[in-house]
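A.B. asks: Please find one structure pasted underneath; my questions will follow.
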Amino acid sequence: MPEDLIRYEALVLDALRGVVRAVLQRVLKRGIPGDHHFFITFDTRAPGAGLSKRLREQYPHEMTIVLQHQFWDLAVTEDRFEVRLSFNNIPERLVIPFSAVRIFQDPTVHFALALRPPEGQDGEESLSGDMSILPAPKNDLTGLLSPALEPEPEEEEAPAAKAPLPEPEPHTTGARKTADVVSLDKFRKK
């Protein structure tokens, strides 16, 4: 197979991160409309991720935050966003690079993006199957983040073409639910 010198997968990942950036920029200008709210899972170890020592110890790998009613000082730049949230009545300032975002969900409209680069990579190399768009499931996404996100098996794909979604930290509540995962590999010519 010829080498992809254009790096299409990296371009697609950057475009999907741009969706997250655009949504947060709209929230910054107009506030969160209607009943929309966002679950954002990010890699706490990513370069540029800023959180307190207490939170880093509590969430050494990934953390899921909710932007809904109580958040303050949202700032959005080209490469990251910053927000203040309260954790057990302790205010915390978080700095989250867009490259650290792994899952973005708006359960109000059943929209979710899984942005997971391969292990050991910054997400800018080969993404082959690790980047997914989660379509609207038939049920509510409210409890989707607990206790795990797992793709439902698809018979026509080989097991190596699918990557499991992350297990979020146990701080969210709700019944376990899953969504159908559509891998970008499904649409590639082989």
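Derivation of every value follows stated rules applied to the coordinates shown; laboratory data play no part. All values reported here derive from a predicted model rather than from experimental measurement. Using ideal geometry, Cβ is built from the backbone for each residue, glycine included, and neighbour counts are taken over all protein chains shown.
A.B. asks: Taking neighbour Cβ counts within 10 Å as the exposure measure, how do Ser99, Ser52 sort from fewest upward?
C.D. replies: Values: Ser99 21, Ser52 13.
Lowest to highest Cβ neighbour count: Ser52, Ser99.
A.B. asks: Here is a follow-up. Report the label-to-label distance for Arg54 and Gln68 in nanometres (one decimal), using points 7 Å from each Cα along the Cα→Cβ vector.
C.D. replies: My value for the distance between the label points is 2.2 nm.
A.B. asks: For the pair Asp14 and Phe87, what calculated FRET efficiency results from E = 1/(1 + (r/R0)^6), where r is the Cβ-Cβ distance and R0 = 30 Å, to the nearest 0.05?
C.D. replies: That pair, Phe87 with Asp14, gives E of 0.50.
A.B. asks: Looking at the square roots a ≥ b ≥ c of the eigenvalues of the Cα gyration tensor of region 1-123, which shape do they give, rounded for a/c under 1.5, prolate if a/b is larger than b/c, or oblate?
C.D. replies: In terms of gyration-tensor shape, oblate.
A.B. asks: Here is a further query. Please list, in order along region 82-88, the HN-Hα scalar couplings obtained from phi with the Karplus expression 6.51 cos²θ - 1.76 cosθ + 1.60 (θ = phi - 60°), rounded to whole Hz, x for Gly and Pro.
C.D. replies: So the J values, rounded to whole Hz, are 10, 7, 9, 10, 10, 10, 6.
A.B. asks: Using a ≥ b ≥ c from the Cα gyration tensor of region 1-68 (square roots of the eigenvalues), is it rounded, prolate or oblate, where a/c under 1.5 gives rounded and otherwise the larger of a/b and b/c decides, a/b for prolate?
C.D. replies: The shape class here is oblate.
A.B. asks: Counting other C-beta atoms within 10 Å, which of Asp43, Asp79 has the fewest, and how do the rest follow?
C.D. replies: Asp79, Asp43
A.B. asks: Now for a different question. Please give the contour-minus-distance gain from Arg30 to Ala75: 0.36 nm per residue of separation, less the Cα-Cα distance, rounded to one decimal in nm.
C.D. replies: Length gained, Arg30 through Ala75: 14.9 nm.
A.B. asks: Continuing with this model, one more query. With a Förster radius of 41 Å, plug the Cβ-Cβ distance of Ile6 and His61 into 1/(1 + (r/R0)^6) and report the FRET value to the nearest 0.05.
C.D. replies: 0.80
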